[in-house]
Amino acid sequence: MTRRHDPGRRQRIIDAAIRVVGRSGIAGLSHRTVAAEADVPLGSTTYHFATLDELMVAALRQASEGFAETVAARGGLRDPRADLAAELAALMGEWLAGERTGVELEYELYLAALRRPALRPVAAEWCEGVAEQLSRRTDPVTARALVALMDGICLQVLLTGTPYDEEYAREVLGRVVPDRSPGT
């Protein structure tokens with residue numbers, strides 16, 4: 001029997017894992033559910049990802065890219081004249097206004113790192129990557145504080161179901177951002 005060359009199979013498996021977690025949560029993720037979702041043989045999932053942790057790392061890495069790309073694309077974050085707190089508040093508003101399932105999925109995978117040590121480096125990469133981008137506008141300690149505050153605001157919106165309040169976010173982020181006006 002000839003083996004069929006399928007260069008996109010690994011990516012289809014990752015995409016399927018993201019859909020499974022989005023629909024059924026981490027608890028619904030298994031090689032079997034992902035294989036069925038991707039319409040591939042069960043052996044393909046274990047060939048590309050020996051463990052579920054390996055599959056979750058790939059899924060978290062892919063899911064995290066969306067927010068990192070949004071941060072990188074936001075020109076105001078690089079402009080030293082722009083109001084950093086307002087830019088970050090608007091950025092979170094854009095992200096939370098997007099497809100809610102994707103935002104929830106990203107946080108579900110991100111928080112899975114609490115119980116799955118294999119995911120922790122990827123979660124840390126996400127935090128460090130955003131903090132690194134923010135460090136171009138502020139010091140590294142403040143950048144990390146901003147990432148933590150943004151995480152907290154987003155989690156509160158997701159967990160409580162309350163609408164995102166951009167003005168509130170801008171105000172509290174502004175309390176963390178040092179005043180860089182002349183004479184200070």
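Looking at the range 130-163, which of the residues that are open to solvent by 60 Å² or more (accessible area, probe 1.4 Å) and assigned to a helix (DSSP H, G or I) is farthest from ALA72 (Cα to Cα)?
THR160
Quick test of your reading of the structure: ARG175 fulfils all but one of (1) out of contact with any Asp or Glu (no Cβ under 9 Å at 6 or more places or on another chain); (2) under 21 Å from GLU108 (Cα atoms); (3) assigned to a helix (DSSP H, G or I). Name the failing condition by number.
Exception for ARG175: condition (2).
So for the range 17-29 (the condition being open to solvent by 40 Å² or more (accessible area, probe 1.4 Å), on the phi < 0 side of the Ramachandran plot, part of a helix (DSSP H, G or I) and of a type in the set (S, T, N, Q)), does at least one residue qualify? Before the answer, list the steps.
Keep residues of the range 17-29 that are open to solvent by 40 Å² or more (accessible area, probe 1.4 Å), which gives 19, 23-24, 27.
Pick out the ones that are also on the phi < 0 side of the Ramachandran plot and you get 19, 23-24, 27.
Add one more test, that the residue is part of a helix (DSSP H, G or I), and what stays is 19, 23-24, 27.
With of a type in the set (S, T, N, Q) added as a condition, the list becomes 24.
Looking through the range 17-29, at least one residue is open to solvent by 40 Å² or more (accessible area, probe 1.4 Å), on the phi < 0 side of the Ramachandran plot, part of a helix (DSSP H, G or I) and of a type in the set (S, T, N, Q).
Among the residues of the range 116-123, are any free of Cβ contacts under 8 Å to residues at least 24 places away in the same chain, under 16 Å from ALA148 (Cα atoms) and either open to solvent by 70 Å² or more (accessible area, probe 1.4 Å) or over 17 Å from the mean Cα position of the chain (by Cα) (or both)?
yes
Which residue pairs have Cβ atoms closer than 6 Å, lie 6 or more positions apart in sequence or on different chains, and pair a first residue in the range 51-75 that is free of Cβ contacts under 8 Å to residues at least 24 places away in the same chain and surrounded by fewer than 20 Cβ atoms within 10 Å (Cβ to Cβ) with a second residue that is hydrophobic (A, V, I, L, M, F, W, C) and assigned to a helix (DSSP H, G or I)?
Cβ pairs passing all conditions: ARG74/LEU91.
Do you know which residues across the range 26-44 are over 18 Å from LEU119 (Cβ atoms) and not β-branched (Val, Ile, Thr)?
Correct list: ARG32, ALA35, ALA36, GLU37, ALA38, ASP39, PRO41, LEU42, GLY43, SER44.
If you check every pair at least six apart or on different chains, which have Cβ atoms under 6 Å apart with a residue in the range 87-107 that is in contact (Cβ under 8 Å) with a residue 24 or more places away in the chain first and a residue that is in a helix (DSSP H, G or I) and among the charged types (D, E, K, R) second?
That search, which allows pairs on different chains as well, returns ALA89/GLU166; ALA89/ARG170; GLY93/GLU166.
The values are calculated or read from the model by the stated rules, or taken from the named source; none is laboratory data. As the structure is a computational prediction, the values presented were derived from the model and not from experiment. Here Cβ is always computed from backbone atoms with ideal geometry, including for glycine, and neighbour counts include all displayed protein chains. Please note that ligands, DNA and RNA were not included when accessible areas were found on the heavy atoms of the full protein model with its side chains. Shrake-Rupley method; radii C 1.70, N 1.55, O 1.52, S 1.80 Å.
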